[in-house]
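Inspection log for the structure reproduced underneath, given as structure tokens.
Each value in this text was obtained by applying a stated rule to the coordinates, not by laboratory testing. All values reported here derive from a predicted model rather than from experimental measurement. Cβ placement follows ideal geometry from the backbone for every residue including glycine, while neighbour counts extend to all protein chains displayed.
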Amino acid sequence: MGNVATCTFALIVTDATDPVITNCPADLNSVSVDAACIAAPDIQAATLAYTDNCEANIADAVTTNDAPANGEFPIGDNVVTYTVTDAASNVAVCSQAVKVADTTDPEVGNCPTAPVVTDANAGDATVGCYYALATLPDIGPTDNCAGASVTNDGPYANEFQFPLGDTTVTWTVTDASGNTNTACSQAYTIEEHVKPTIDTCPSDATVPVDISCAVATAMVDPASVATTATLTPFAAPAWNPSTVLSPAHGTPTPTLSPGR
């Protein structure tokens, strides 16, 4: 008979299996910026390892990552994504954490360490006696990263008003990452050497003694004296008649008149 029928068809073989990443570069959880506020760690991209079901495809696989082109990472949490693409365009992905922090404390360039000893300025009735400064010295803060701020615990009320006595001012420098420096302080000693002024002094007065020959009342009423300082009233000593000498004999001769 010898009759034959034939047909043809195409058999297309494809690789639909993704590569398998067997080793993703390890996370970097404690990267510190340097003195220039730059972090450029070695992310160990070469440690990326992978396999594929087709060796021919894996030989032509392409690996990429999205790390910064200049290798410098900003402060904060960063993620590097690695992509493996085999010859059949199958893709595998893994991620690596890169955590960057600024751990360097700010510095003080010009701390006014010399103590200040000075006289108080004349205060007014509501403020009192104090030494006033419009501003405190500039301590010249520096930091490896921008954004440092300065505070102090000086006695501020419209202006820096230092009371009499000893006061220590401490400066605090804080950078953008929360690192602080409190090593700068300065002592202020405020003294007051102005003599008090008596504005109104009582007039002279004749004060009689009592029956025991002592001053019966205070010689001065403190309320009658106008002064800028605290008045200490004069306490009159008791007058002892036995201390009075007779002009004739030179011996104590106390005498009292009848009826007195």
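The share of alpha-carbon pairs in segment 1-119 lying farther apart than 20 Å comes to 62%.
Reducing segment 138-206 and segment 1-54 to their Cα centroids gives an inter-centroid distance of 66 Å. Quick one: compute the contact order of segment 20-101, relative version, from alpha carbon pairs under 8 angstrom and 6+ residues apart, as a percent. About 39 percent, as a whole number. Directionally averaged projected area (segment 34-89, Cα convex hull): 4.7 nm².
Amide H to amide H, with H built 1.01 Å from N, Lys99 comes under 5 Å of Leu28, Asn29, Ser30, Val31, Asn78, counting only residues 5 or more places away or on other chains.
Normalised by 2.2 N^0.38 Å, where N counts its residues, the alpha-carbon radius of gyration of segment 65-206 equals 2.03. Peptide packing for 190-199, 1-10 was compared via the average number of neighbouring C-beta atoms within 10 Å per residue; ordered from the highest value, the list is 190-199, 1-10.
Sorted fewest first by neighbouring Cβ atoms within 10 angstrom, Cys145, Cys54 come out as Cys54, Cys145.
From the P(r) of segment 7-73, can you give the percent of Cα pairs sitting at distances over 20 Å? If you can, show how the numbers build up before the last one.
Working: 1136 of 2211 pairs.
Of all Cα-Cα pairs in segment 7-73, 51 percent lie more than 20 Å apart.
With the Kirkwood sum run over all distinct C-alpha pairs, segment 107-191 has a hydrodynamic radius of 13.9 Å.
Take every pair of alpha-carbon atoms less than 8 Å apart whose residues are at least six positions apart; their mean separation over the length of segment 107-191 yields a relative contact order of 37 percent.
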